[in-house]
1. Would you list the membrane-span-like helices of chain A, meaning whole DSSP H runs whose alpha-carbon atoms span at least 18 Å along their axis and whose mean Kyte-Doolittle value is at least -0.5?
2. Just how large is the dipole of the stretch A:34-294 about the Cα centre, in debye to the nearest 20, putting +1 at every Lys and Arg Cβ and -1 at every Asp and Glu Cβ?
3. Regarding the stretch A:34-294, what's the average projected area of the Cα-atom convex hull, expressed in nm²?
4. Spin-label point model (7 Å from Cα, Cβ direction): what's the residue B:127 to residue A:103 distance in nm?
5. Given R₀ = 25 Å, what would the calculated FRET efficiency be for residue C:167 paired with residue C:126, taking r from the Cβ atoms and rounding to 0.05?
6. Measure off 7 Å from each Cα along the Cα-to-Cβ vector at residue C:199 and residue A:68, then give the distance between these two points in nanometres to one decimal.
7. For the pairing of chain B with chain C, what total accessible surface becomes buried, with a 1.4 angstrom probe, in square angstrom to the nearest 100?
8. For the charge dipole of chain C, defined by +1 on Lys and Arg C-beta atoms and -1 on Asp and Glu C-beta atoms about the Cα centroid, which residue among C:182, C:120, C:249 has the Cα displaced farthest towards the positive pole?
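The values are calculated or read from the model by the stated rules, or taken from the named source; none is laboratory data. Quantities reported herein were computed from a predicted structural model and do not represent experimental measurements. In this analysis, Cβ positions are derived from the backbone assuming ideal geometry, glycine residues included, and neighbour counts consider all displayed protein chains. Keep in mind that these areas ignore ligands, DNA and RNA; they rest on the heavy atoms of the full protein, side chains included. Shrake-Rupley method; radii C 1.70, N 1.55, O 1.52, S 1.80 Å.
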Amino acid sequence: MEHIAQTVVVPKIKKKSQLASILHRYRKNRLAVLGLLIFLVLVFMAVFANFIADYDGQAITQNVRNRYMAPSAEHIFGTDALGRDVFARVVFGARISLSVGIVTIMFSLTVGSVIGAAAGYYGGKVDNTLMRIMDVFLAIPQTLMAICIVAALGTGTFKMLIALSIAQVPQFARIVRSAILSVKGQEFIEAAKAYGSSDVRIILRHIIPNAMGPIIVQATLSVATTILNITMLSFLGIGVQAPTPEWGSMMSEAKGQLRNFPYLVTIPGIFIALTVLSLNLIGDGLRDALDPRLKN
Amino acid sequence: MSSVTERLLEIQNLDVIYKTDEETVYAVNDLSLSVYKGETLGLVGETGAGKTTLALSIMKLLPERTGRILKGAIHLQEFPVTAMSEADMRALRGEMVSMIFQDPMTSLNPIHPIGMQIAEMLLLHKKQLSKAQIEERVDQILTLVGISPDRKGDFPHQFSGGMKQRVVIAIALACEPQLLLADEPTTALDVTIQAQVLQMMKRLKDDLGTSMILITHDLGVVARTCDRVAIMYAGEIVEMGRVEDLFQGDYHHPYTTALFGSIPNLTKKTKRLQAIEGLMPDPTNLPAGCKFHPRCPRCMEICQKEAPGAADRKGHQVRCHLYAEAAKD
Amino acid sequence: MDTPIIQTKELVKYFKTPKGDLHAVDGVNLSIQRGQTLGVVGESGCGKSTLGRTILRLIEPTAGQVLLDGKDIVTCSRAEMQEVRKRMQIIFQDPYASINPRMTVSEIIAEPIQVCRTMTNKDEINAYVVELMRTVGLAERLINTYPHELDGGRRQRIGVARALALNPDFIVCDEPVSALDVSIQAQILNLMMDLQESRGLTYMFITHDLSVVKHISDHIMVMYLGQCVESAATDELFRNPKHPYTQALLEAIPIPSLEYRDKEMQVIRGEVTSPVNPKPGCRFAARCPKAMAQCRESDPLLKEDAAGHSVACYLYADPPICGS
């Protein structure tokens, strides 16, 4: 019947792995690639800080004779009030800011997702109980909550990390829950039940991948918030303890000299902004790359 | 009959495209069509045939950023729709020509009572009417579509689907337009409700003398309500004629024949349906020659190269090479 | 007669709503013989989709039994249900919502096999998927495409292939062609009938489209507000519709032929009433042109005549109650 009809060229069946096609889609988004590059540079800086700068000699040791030196060939970002090299402090500061930021999000995303997924998927009483608890947490401002937790646990980088993570959990629980609610009513979920998929499999294989978009965006945004929260806690003296270099605390230490030596505030500020920006770009890019519907 | 009655709408050689950065969709291609006073024209076709695009072109409501009328002219009586400004067009919409959309659930504003939504139409177009006159007209039009005027203070959510569609029709008819474009008005309704609405629309047409273009994919609805029928495929009218021409005889476009063959027949017992093989052509990359040729069981060599013209037999047009000879008679 | 492959006994499903119980399925008895198709017809909100899902236990019934080959599956444990699920599957209405947009065609079709572990070898699964695709008329080159790249008809074929993957005996088809264009609808209907013949499948075909149901069914059940009002062999039902609602439905279908053009339609008044806490009496009484006093007092029972034609209406009660 259709002897003349089929002029379709049959392409070769090539099996592209999921990861390869995600990368392919990601590469098409130039801004996302730029974001990834910036972020890799920052990570590189944090990982290889020892090779880039001298921790004991430049980042920690005070040298009052060298204080407030403007950026020059020797000190490309200048020196601060105690004569420490700002470049070295920024490089080592990346370690704290990035690692705390990312680990915090990993932790709160995992815990928040489990809670949100359970609430969204099972609904009813489970949903009510879990979400009311989360509401209590949400009712307290995030930073205030972190302060309370640190006050209870005591200071220290690790304890700060825990405080910040707990403060972020309710947000993720809410977002994961609503994302799951929007997917769970769809017929392909019912189909999965019809062939006997377990609840965990349905959540992991069918619901989460389809609810990913808003979660990823929120996660990257939250890394930014977390870095800012570390800054604030350090500023209050309950975060990173001096003399450990950290971008936020560097800014707060120098804020009194903003008028005379603006570079002391702007340089760490620019690094915070770069981190936040690159993460947002990566987040947007990932959201699109993970969605096969946006292939073109 | 075409020579006697007055022409209300005339479309000549219309081309409409949707253009985005990546692609161009050829939605309506070289389409000519007339609607006469008082008649109902059925516009039949599958998804993507360009039916709705055609209606939106007549209303000049194509999506601003992408939709564009490339060439051709639309005349609504003496008004040259294609050449008119948006401001002039706004005055025409509702008063000369109205449109009913498929989904009654989303065509009504949920936060206003339905009486107010009908009154709004009158306020816009009949500025000379007093408040009392408008109220009176609202009552009148509601009665016409079979809703008690007591309910004009009710909100859309208090009505069922069929009742909502009646309200939508009431709004469209409030200013007694000359032409009503009904885009699948009963597709979202249950059969018994569809029967009610169709019956009402037929009665209204007889009472008010409104002309109508009824867009549908249901040939059963066409048989019940239309005077003339146009079958659309890939943005073209492949066959057009009186409803008797379309449903009888064997002077038909192969697509029309196939369309009838693919509907399960209630009156006859058939073992297998005659499905049309293949898919609708990609509107961004239409086939050369006749657009139906890749699916056509009677495809000839010429069909792949040359687009057929419309062969006319006493007002019954078929766009197919099979009848090219007949056209010369 | 053999044991029917599927049978329900007084199947009931009520949903709790703030206004009271919504009687979605209210005491439905049906049985389907192996290799046959039961068409379930009704308007939106009549509970036909809920009935299909309750039979598959995708929705837990409030009361009643569902028998698969004579064995009640409502009381089955989770593990037993896993076995039962391999034998009954579902095809959905919306080819856009019923398949996971993030999975490729092969992943979608292979998913039930992986879940039920009917096959474990990767190559074996792959070969099976290709075979299934061929069975439902999907070109092999589409194996790694995503659903959004395909049209409605092909997506629906994926849905059919997924339902076939576990080699079931019984498939609930919930309006599988309603969202498709007529030409594509015919392709899918033909495919389903071919599959029934070659694999001996049993279908429960849920639809609102009487012409489709007539084409594909051996037996038809008409539902109105959660209850079965009439049930008969297809030809018998179309030749001799007894219930006033069935008559109204048949009357309301627009037939693509000019013979009926000038005939005055017998349109029934009103619309479907709310299934929340329904009043006693026949549910259709408020719209019925032949309603009698008794219809508003008590429920008419489903009565079967010698020819196997059942109807729940006092017009056919025994002894007959005349509408005097």
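1. Details: long enough: A:30-47 (25 Å, 2.79); A:86-122 (52 Å, 1.52); A:124-139 (22 Å, 0.56); A:157-184 (39 Å, 1.01); A:208-235 (40 Å, 1.28); A:263-289 (38 Å, 1.27).
Answer set is A:30-47, A:86-122, A:124-139, A:157-184, A:208-235, A:263-289.
2. Values: 18 positive and 15 negative charges, 79 e Å.
I would put it at about 380 debye.
3. Values: hull surface 64.9 nm².
The number I arrive at for the stretch A:34-294 is 16.2 nm².
4. Simple spin-label model gives 7.2 nm for this pair.
5. Values: r = 17 Å, r/R0 = 0.68.
Computed FRET efficiency for residue C:167 and residue C:126: 0.90.
6. Going by the 7 Å Cα→Cβ label model, 8.3 nm.
7. Values: alone 16770 and 16570 Å², together 29380 Å².
The B and C chains share an interface burying roughly 4000 Å².
8. Checked the options; the winner is C:120.
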